[in-house]
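A.B. asks: Please find one structure pasted underneath; my questions will follow.
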Amino acid sequence: YNALAGNDGLGVVPDVVEILESGEVELLFFNGMNDVIVNHVSNEIALEALPYSKVGDFKHAKRQIWSGGLPGTGPLGPRGWLKSAPPLHYLKIAESGHMVPMDQPELALEMIRELLGGRIGGAKEQRLG
């Protein structure tokens, strides 16, 4: 905790924009739709306000139903909604709160598989190492 104390209050927007502008890495932001700590509406608004040269593409991207690699829909409807304008992606996971991997472990794993495999929103495959 003390080792990171100097980082409190530092924003990451410049770093995020630098990564997006490079076009070398796909960035996926995600939220559980039932998260009462970090709400998904404000996060989408924040992403749409990034000072990034292609943010307009993201703003105008159509939201798509995300199946999580599973057939059909979940018991209460779609498993999530994805908005993408590579290299920027935003996924809202249904029936999940703040801890998506705890609430929806299968969907969280599929989300990472799709991101790294280049199958999320037209993303390119990630090269590790």
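A.B. asks: When the chain is modelled as a GNM with alpha-carbon springs shorter than 10 Å, which of H98, H40, H89 fluctuates the most?
C.D. replies: H98
A.B. asks: Grab the alpha carbons of region 1-62, take their convex hull, and tell me the volume per residue in Å³.
C.D. replies: Numbers: hull volume 8.0 nm³, N = 62.
Enclosed volume per residue, from the Cα hull, is 129 Å³.
A.B. asks: Another question about this same structure. In nm², what is the average projected area of the convex hull enclosing the Cα atoms of the chain? All intermediate terms of the calculation are to be shown ahead of the outcome.
C.D. replies: Working: hull surface 36.7 nm².
Approximately 9.2 nm², given one-decimal rounding.
A.B. asks: Need the full-extension length gain, Q64 to L4, defined as separation in residues times 0.36 nm minus the C-alpha distance. One decimal, nm. All intermediate terms of the calculation are to be shown ahead of the outcome.
C.D. replies: Numbers: separation 60, 0.36 × 60 = 21.60 nm, distance 3.76 nm.
Here the answer is 17.8 nm.
A.B. asks: What ranking do 105-111, 55-61, 33-39 get when scored by the average of other Cβ atoms within 10 Å per residue, highest first?
C.D. replies: So the peptides 105-111, 55-61, 33-39, ranked by packing, come out 105-111, 55-61, 33-39.
A.B. asks: Which helices of the chain meet both criteria: a Cα extent of 27 Å or more along the helical axis and a mean Kyte-Doolittle score no lower than 0.5, with helices taken as whole DSSP H segments? Walk me through the intermediate numbers first.
C.D. replies: Details: long enough: none.
Helices meeting the span and hydropathy rule in the chain: none at all.
Values in this text are rule-based calculations from the coordinates and carry no lab data. What you see is a predicted model; the values in this text were computed from it and never measured. Reconstructed Cβ throughout: ideal geometry from the backbone, glycine too, with neighbour counts over all protein chains shown.
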